[in-house]
């Protein structure tokens, strides 16, 4: 069966590409080299009708017919596109320096594999991206999948999206690059199921100005639990995080202490970002009604001491490091994927702690 989603039912930004904010050096020492612009790469999406759309972006780059190009997102980067759009999030995933000047293409390369989940009660479907079904020509704004010339066992799926972006050196500006899905098509007849898409041309649309919040992911340092602050370093860019307004995550200080000591990847959703400070200050989301928590810590390891009745297990990672996990909230939310068992490898998303365990909102068994 072919599930044909059109622009009427899926409005939002495409996969990995969508929003870029560029800031020039503003002149003076310590800024970008002459003739260059610092580009912050973000991802966002709004795949209506799906509980989960998990995919991997291998890279995204700006291009110009003259041959000028600049990679703005260096993957592989795994994310849940449906989740980001549902919570109105743009996630800062990379920072790079690009040659100033005009660009007219955004090239996005995707991993062939994509996992879909229609509702929380459905089992995930393992699918593959394929070329846009009624047009195998390599034209802009539609997905094209080809054999990797460097690896015959690998398929490369890519979108080359039209749209003008002008990066200006030695100035401060915001540049928004936004794409709407034209058609998102899922064919469940073959095994694995097939997914393809076409997009409408790029148009300017500042998601942050429209009320979207920024998500930052990186490593924690300089934690001061007494004043609810820490430094989060995102791809080499530090942010000061103020989480004084986060009141719905029990044991958050203890979780952040573990994240700092073990170097665990931490995501913060910012209600606002104060750019007048150095480094910029992220004021963590304080709206408890949002479906995603303000701060999430991720860990991956091997399960042991699993007790189903108590909804607990121990996660082992690194050189003998263990993490006691309670996954009751993940089970309540329908966010336990795969079969829990001792010796299984799992990824967990943690939101707090109590006196004996760290608390998980999501568990994915590989």
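The values are calculated or read from the model by the stated rules, or taken from the named source; none is laboratory data. Note that this is a predicted model, so its numbers are computed, not measured. No Cβ is skipped: glycine too gets one built from the backbone with ideal geometry, and neighbour counts run over all protein chains shown.
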Count - residues of segment 210-243 that are closer than 12 Å to residue 295 by Cα and assigned to a loop (DSSP other than H, G, I, E, B): 1
Number of positions in segment 304-326 that are surrounded by 12 or more Cβ atoms within 10 Å (Cβ to Cβ) and in a strand (DSSP E or B): 15
Failed condition for residue 149, given (1) modelled with pLDDT under 70; (2) over 27 Å from residue 338 (Cβ atoms): (1)
Strands (runs of 3 or more DSSP E) within segment 76-141 that include 3 or more residues at pLDDT 80 or above, in the same structural domain as residue 273 (by TED's automatic domain parsing) and more than 14 Å from the chain's Cα centre (by Cα): none
Tabulated pairs, segment 250-272, first more than 15 Å from residue 357 (Cβ to Cβ), second part of a helix (DSSP H, G or I), C-beta under 7 angstrom, 6+ apart or interchain: 264/258; 266/259
Residue 329 being farther than 20 Å from residue 218 by Cβ and not in a strand (DSSP E or B): yes
Selected residue (criterion: nearest to residue 127 (Cα to Cα)) from residues of segment 189-203 that are modelled with pLDDT under 80 and within 21 Å of the chain's Cα centre (by Cα): 199
Residue 334, sole failed condition from (1) over 21 Å from residue 294 (Cα atoms); (2) in a loop (DSSP other than H, G, I, E, B): (1)
